[in-house]
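Here's the structure, in C-alpha cells; my notes come after.
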Amino acid sequence: MLFAQYLLAHLLAETVFAYIHHKTSALTIRAGHEAFTHIRQNGLQPQDIDIIPGAAGGPKGIGLCGLDQAIFADFLLRAPVYGNSKRTCFGASIGSWRFAAIAAHGGKEGAKRLAELYTNM
C-alpha cells in the first residue's frame, strides 16, 4: 500500500510538473485567411495596424506596461500615420486608461506613469 501511495504521488507530481512547465507560444495570432496569409508572407508590419483594442482586466492591464511601451514607443513609430490615415484605439476599463495615458504622455512615459500611479494608489 505504501508503494502504491508513493507511485501515485510520484505520478501526480510529474503530471503537475509537466503542466506547470508546459511550453506554449508567447503569442497567438488570430486572423482571417487573407490577413493570416499576408502576415505569413510579410511578417506583421506597423503599417498593417489600424485598430488596436484594449481589453478590461483590472490590474492585469498594468502587467502590459512593457508590451505597451514596445508597441507604442517603438513598433508603431516605424510607420507613422499621415494625412487622412488613422489608427483607432478603443478600450474598456483599464484598456481605456492605458490608451489615455499613452495619448497624453507618449508610448514610453505614458505606460510607465500609469503603472506607477496605479500601483502606488
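Bear in mind these aren't lab numbers, they're just calculated from the coordinates by the rules spelled out. Computed from a prediction, not measured in an experiment: that's the story for all the values here. All Cβ positions, glycine included, derive from the backbone under ideal geometry; neighbour counts span all protein chains shown.
Okay, here's what the table says:
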| item | result |
| --- | --- |
| Virtual spin-label span in nm between Ala103 and Gln45, 7 Å along Cα→Cβ | 2.8 nm |
| Residues whose placed amide H lies under 5 Å from that of Ile52, excluding near-sequence neighbours | Thr88, Cys89, Phe90 |
| Amide H partners (placed H, <5 Å) of Gly57, local residues excluded | Ile94, Gly95 |
| At 1.002 mPa s and 20 °C, Stokes D of region 49-121 from Kirkwood alpha-carbon radius, µm² per second | 174 µm²/s |
| Local electrostatic count at Arg98 - Lys and Arg +1, Asp and Glu -1, tallied over other residues with Cβ under 15 Å | +2 |
